[in-house]
Amino acid sequence: MEITYENIQPILKQETWETHMVRCTFQVDGKDPIQAFGQVTMDQNQIVQTAVKSSVKQGIIYSLIRGIARVFGGIFGGIGGAVVSSGVSTVGYTVASAKMNNQNMYQPKLTPENKKEAVVNAFKTVDNFFRYDEANKKWVSAF
């Protein structure tokens, strides 16, 4: 039998999310609850899309900063202009880096579909404690 979120939902007694991790409690009639953990993961397409978007955005912002720094450097001219240009570039890059916040860049998006997938994956880590009773159409203890 294929394990789906819908067919394990009757024995899913608790589902607790902390960022991209889920702690699930599964329990069948008359037995102790079993806990399992799962997590939402990014698919390869999402990783590539995120990296490309970030690179393009960063390239555009840094080009704008270089252009602005050149304008300020040209206004002041000479050595003073070089110093001003360097200062504007440094401040611009620092602000841009702080605003881009790449810390969350590779965090998966929480959608109902991938949350269900994480719960199913959590169940699969403990499915040996359960078996599906076809006659009664329900999960029972494997022991």
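Some notes on this structure:
- Unique match (being out of contact with any Ser or Thr (no Cβ under 7 Å at 6 or more places or on another chain), β-branched (Val, Ile, Thr), modelled with pLDDT of 80 or more and under 30 Å from residue 13 (Cα atoms)) among 71, 40: 40
- Checking every residue in segment 44-61 against the condition of being touching a residue at least 60 places away in the same chain (Cβ under 8 Å), under 37 Å from the mean Cα position of the chain (by Cα) and closer than 30 Å to residue 140 by Cβ gives zero matches.
- Candidate set from segment 1-39 (those that are among the acidic types (Asp, Glu) and in contact (Cβ under 8 Å) with a residue 24 or more places away in the chain); member that is surrounded by the most Cβ atoms within 10 Å (Cβ to Cβ): 15
The values are calculated or read from the model by the stated rules, or taken from the named source; none is laboratory data. It should be emphasised that the depicted structure is a prediction, and the values quoted were computed from it without experimental measurement. No Cβ is skipped: glycine too gets one built from the backbone with ideal geometry, and neighbour counts run over all protein chains shown.
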